[in-house]
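Right, one structure below, let's go through it.
The values are calculated or read from the model by the stated rules, or taken from the named source; none is laboratory data. Only a predicted model underlies this, so the values are computations on that prediction, with no experimental measurement involved. Here Cβ is always computed from backbone atoms with ideal geometry, including for glycine, and neighbour counts include all displayed protein chains.
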Amino acid sequence: MGKLTFKELEKSFPWSVHRTMTGNQEEGLRFIAENDGRALLETPTGSGKTAIGLTFLRALATRNEGSHYYVVPTKALVGQVLEQYPGKDLVAAYGRNEHECLYYEDEELQADQIPCTLLTDCAHRVDQKTGETFEPGATPCAYLLEKYRAMTSGKIIVCTMAYYIFAHVLQGKNKPAGVVIDEAHDAAKAIRNVLGYRITNVHLERCIEVVSEFDASVARQLSGFLRTFKRIVSRKFPRLEVMLSTPEIRDLITSLREVEIEPLYQGLSKAMRSRRVDAKVDRESLLHLERLTKGINRYVSSLEYALHESRDPLNYVFAVYNSEVEEESRKATHSLTVRGYYTAPLMRKMLGERTVAYSATIGNPNTFYYDSGLKLPFATLESDFPPTHTRIFMPTDTPSLAFNERPSGQPAKVMRQIARACRKFANRGIRSLVVVVSDAERQRFVKTCEEEHVDAITYGKELSAKDAAMSFRDGKGEVLVGTAPNYGEGLDLPGDMSRVTFVLRPSYPPPTAPEAIFETERFGSRRWALWHWRIVIEALQARGRNVRSKRDKGVTIFVSQQFRKFILHSLPKWLQTAYRGTQTFEQAVEETIEVLKK
């Protein structure tokens, strides 16, 4: 139907939700039209980017040219999109872990906890071509029914990145007519998480036990791989993540190739039909075996991509050996993790005929492309947020918390300063968010809060990060504490929920971490530009947690002097007037109280 026009987009704008179109929204939609539906946008917080994306997809949907996906990083954001923009043309699609399994009726299990493809007698299975259950009249599997409806509804599918990759991209389906990628700065990380997997000795041992019941030959082949696997892993330093060498990876590949897939799968199906293997008694072992039978070819190819040959490796592999765990405990003593790294090929498959991607933090588009493989016409939108509503402090008297620079007694001393500032804020009804890097720092700060009589909320064995954040959002506690991956992004604390954010230090990767080693080998000195870009994005994301609209007021205090090198210059121009870099920590606290009191 030709080039996408602004008039088409304007007609599809959610006028029922927004009575007027903001300048940012109009600018973004005009840029999308100018580039015929191919755009990467840096959109300031509160600029209405979700409306931009849905307008784009709804305009395309009127053309009836194919499927349409609105892709977000988390399941929480799926619900948020549908809540903000209700409409009969939108349908949510959640992953398997969001749906209860009906086959194991006596247990409360989610669909990702069961060996679904092996349960060929499941009455609740939904045919993805007809929508009918395996047994007429049976209650349909909620996950498979939702998947069928999403794929056949003709509606815009709002889903997570993992769902989109597994349910559409890796299924080899036709390229969608339109795709929106929200929080695009996280796209590469999300893809790498999808591409990664972990193998342990316990998983393999359980598989061998089940296979021994029906095919001794394949069981011997798997046992051969297990011996090679344990031999290689047990050479590593205990409890450390250690990279594998090329010869070790080659040994694993050779051993894996000896496992015959087809006889294994056929024998397993026959054994289940004859009840030699019980689907309910052996559920956990079958789950591992299902993943193994479906994944051996994938394991081999991904290991091959980790080899150092004429080209740079695309994946990396590391092992962990824990010699202190008793074998009888059935806990993993040997584990192997394969991480997919090179995202560009899968990113290209993810793109629709037209694709719009956006985030509040893109930074340098060339570095963004370098990291993700996503290259589209780029534009930065200006913000109508009043800079007078915020402050960004870089105190003069806080220490550098770099490992080779931090003074004696740090970060304990500065954590106590932060806790006392939180106490002072709480006395005035101001709640705070504290973002740290390591779990050890999180636990130390919570203990410091206890000593300073500050009511701190955090997560742990009995409370998930999500539930802790929800509890804080509901008004419990004076301070929310968490690491950057949990609370540095994707967490909205608008209004009075948390008006102050403390960011302890930038999370440069430890030099011994497998990803850092891999990137050092792959990129050499160029890695610093990539690491610096990630740190900047992380800092800007943390700054945006408490300022979600132009009505909000919020302050961010960056603590470690490491931030001073880049924080001012990394701020967008419209926000640089809010920066304060000449006050002490106590002066920053006092000015924060004054700003938030107005």
Worksheet item: Just for helices (runs of 4 or more DSSP H) wholly inside region 260-371: which have at least 3 residues that are under 21 Å from the mean Cα position of the chain (by Cα) and surrounded by 17 or more Cβ atoms within 10 Å (Cβ to Cβ)?
Response: 344-350
Worksheet entry | region 110-131, subset in a loop (DSSP other than H, G, I, E, B) and touching a strand residue (DSSP E or B) at 6+ places or on another chain (Cβ under 7 Å), residue nearest to residue 67 (Cα to Cα) | 125
Worksheet item: Is there any pair linking a residue in region 559-579 that is under 22 Å from residue 45 (Cβ atoms) to one that is among the small types (Gly, Ala, Ser) and assigned to a loop (DSSP other than H, G, I, E, B), with Cβ under 6 Å and at least six apart or on different chains, and which?
Response: 574/383
Item to complete: Filter region 245-255 down to residues that are in a helix (DSSP H, G or I) and either within 12 Å of residue 318 (Cα to Cα) or touching a helix residue (DSSP H, G or I) at 6+ places or on another chain (Cβ under 7 Å) (or both), then give me how many there are.
Response: 7
Worksheet entry | Single unsatisfied condition, residue 20 versus (1) within 18 Å of residue 181 (Cα to Cα); (2) at pLDDT below 95 | (1)
Discussion item. What's the total number of residues in region 214-244 that are surrounded by fewer than 17 Cβ atoms within 10 Å (Cβ to Cβ), of a type outside the set (D, E, K, R), part of a loop (DSSP other than H, G, I, E, B) and at pLDDT below 90?
Written reply: 1
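Let's see how each residue does on (1) in the same structural domain as residue 182 (by TED's automatic domain parsing); (2) within 30 Å of residue 180 (Cα to Cα); (3) out of contact with any Ser or Thr (no Cβ under 6 Å at 6 or more places or on another chain); (4) of a type outside the set (A, V, I, L, M, F, W, C):
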site: 392; (1), (2), (3), (4): no, no, no, no
site: 412; (1), (2), (3), (4): no, no, yes, no
site: 440; (1), (2), (3), (4): no, no, yes, no
site: 450; (1), (2), (3), (4): no, no, yes, yes
site: 463; (1), (2), (3), (4): no, no, yes, no
Worksheet item: What are the residues in region 13-29 that are surrounded by fewer than 19 Cβ atoms within 10 Å (Cβ to Cβ) and farther than 24 Å from residue 386 by Cβ, if any?
Response: 14, 15, 16
Discussion item. Condition first: in the same structural domain as residue 176 (by TED's automatic domain parsing), at pLDDT below 95 and part of a helix (DSSP H, G or I). Can you find one or more residues in region 85-95 that meet it?
Written reply: no
Discussion item. Just checking, does region 187-198 include any residue being under 30 Å from residue 535 (Cα atoms), β-branched (Val, Ile, Thr), crowded, with 20+ Cβ neighbours inside 10 Å and more than 15 Å from the chain's Cα centre (by Cα)?
Written reply: no
Worksheet item: In region 247-258, what count of residues is obtained for those that are in contact (Cβ under 8 Å) with a residue 60 or more places away in the chain and exposed (fewer than 13 other Cβ atoms within 10 Å of the Cβ)?
Response: 0
Discussion item. I'd like the full set of residues that are outside any loop (DSSP other than H, G, I, E, B), of a type outside the set (Gly, Ala, Ser) and at pLDDT below 90, limited to region 39-77.
Written reply: 75, 77
Fill in: Neighbours by Cβ (under 6 Å, 6+ apart or cross-chain): first from region 386-398, over 11 Å from residue 559 (Cβ atoms); second assigned to a loop (DSSP other than H, G, I, E, B) and at pLDDT below 95
389/553; 390/547
